[in-house]
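What follows is a set of notes on a single structure, which appears directly below.
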Amino acid sequence: MIFVYQMAKVASMAWMEAARPAAQLDAAEPVHAHFLTDRNLLAIESVLAPSPHNNSSRPYMARQILRAGRQGRAAVAKARRDGRQIRVITGMRDPVARSISLMFFFADFCGHADLVLSARDDANPDDVCAVLVDLWQAVLTQRVPEGSFERLLWLMMGGYRTWFTEELAATFELDVFAKPFPAGGGAQQLQGRGVDLLLYRAEDLPSDAPAHLTAIQTASAFLRTPSLGLPEVNTAATRRSYPLYRQTRDRFRLPADMVEQVYAHPAVRHFYADGEIAAFKARWTA
């Protein structure tokens, strides 16, 4: 079983396509989910529950996340019953860059009933930035927003600090922090009981990234696919909101104290060297 199991907006769909040939060798399809644990699936259910604070115009995507989680749990349970090895693909991404991608994905596919955040509604990039700054304040202070749209984004954005322990370790008893991530980036293979793991950084996937070749070679060996390709799927560049996304990305900044909190977290420091973190800070500090 090949399982693309990771935080949202870390190239999930690209990995689904890349892993498909390897999965089909076993007459199967790769499985994909963001959440499997009761804690997080219940949090998604609460976003969907009837409430005066439901402000998502189209809650389909939250339903899909919940459905994929339940299907993923069933697939993992069956693979374990059948004694099959589970190959998991998961990754990390710069948390601030990822938050902008999350904002645009959910603005495009879920919509906000009260705020103008999407290109289809002629959103202003400064307004989008302001909402995103407020969400980062909520993430860093652990303040749960009232609105269902904001609560879903809050849960997703804060995942960089908790996902590897709340999800991966809880499901597969795999501690990605037990061994250093390779210096210079690329990808890493880890093993656990009944599970093999491919761990990567999203910044190493583009063809012009310094560690691209290392990442692709490691992934090819993991999937046993000699000529691995990572197509551009479900990215901001493939949607009509891309001009607004670029404007927002170019303008978005956080106060210095908030940037320090984001990049001081041990999960970030596990994957990125001091120089890489300094570059992230310089990029996003007001």
Quiz prompt | From the options Ala97, Ala28, residue that is surrounded by 15 or more Cβ atoms within 10 Å (Cβ to Cβ) and either under 15 Å from the mean Cα position of the chain (by Cα) or assigned to a helix (DSSP H, G or I) (or both) | solution = Ala97
Quiz item: Mind checking whether some residue in the stretch 149-159 is over 13 Å from the mean Cα position of the chain (by Cα) and either surrounded by fewer than 19 Cβ atoms within 10 Å (Cβ to Cβ) or more than 20 Å from Ala43 (Cβ to Cβ) (or both)?
Solution: no
Quiz item: So which helices (runs of 4 or more DSSP H) stay within the stretch 232-286 end to end and still have 2 or more residues that are at pLDDT 95 or above and under 23 Å from Phe164 (Cα atoms)?
Solution: 256-264, 266-271, 274-284
Quiz prompt | Residue match in the stretch 170-183 (condition: among the acidic types (Asp, Glu) and under 19 Å from the mean Cα position of the chain (by Cα)) | solution = yes
Quiz item: Given the conditions (1) touching a residue at least 60 places away in the same chain (Cβ under 8 Å); (2) in contact with a strand residue (DSSP E or B) (Cβ under 8 Å, 6 or more places away or on another chain); (3) within 28 Å of Ala209 (Cβ to Cβ), and given that Gly159 satisfies all but one, which numbered condition is not satisfied?
Solution: (2)
Quiz prompt | Residue list for the stretch 100-147, filter: surrounded by fewer than 20 Cβ atoms within 10 Å (Cβ to Cβ), on the phi < 0 side of the Ramachandran plot and of a type in the set (D, E, K, R) | solution = Asp114, Arg120, Asp121, Asp126, Asp127, Asp134, Arg143, Glu146
Quiz item: Do the conditions hold for Pro206, that is, is it part of a loop (DSSP other than H, G, I, E, B), more than 21 Å from Arg80 (Cα to Cα), out of contact with any Ser or Thr (no Cβ under 7 Å at 6 or more places or on another chain) and at pLDDT 95 or above?
Solution: no
Quiz prompt | Where a residue in the stretch 246-262 is in contact (Cβ under 8 Å) with a residue 12 or more places away in the chain and its partner, wherever it lies, is surrounded by 12 or more Cβ atoms within 10 Å (Cβ to Cβ) and basic (Lys, Arg), with Cβ under 7 Å and at least six apart | solution = Val259/Lys281
Quiz item: Does the stretch 54-63 include one or more residues that are of a type in the set (Ser, Thr, Tyr) and either assigned to a loop (DSSP other than H, G, I, E, B) or under 19 Å from Arg161 (Cβ atoms) (or both)?
Solution: yes
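If I filter the stretch 164-193 down to residues being assigned to a loop (DSSP other than H, G, I, E, B) and modelled with pLDDT of 95 or more, which single residue comes out as farthest from Met92 (Cα to Cα)?
Glu173
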Quiz item: Considering Ala18, Ala49, which residue is of a type in the set (A, V, I, L, M, F, W, C) and touching a residue at least 60 places away in the same chain (Cβ under 8 Å)?
Solution: Ala18
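The values are calculated or read from the model by the stated rules, or taken from the named source; none is laboratory data. Model, not experiment: these values are computed from the prediction. Here Cβ is always computed from backbone atoms with ideal geometry, including for glycine, and neighbour counts include all displayed protein chains.
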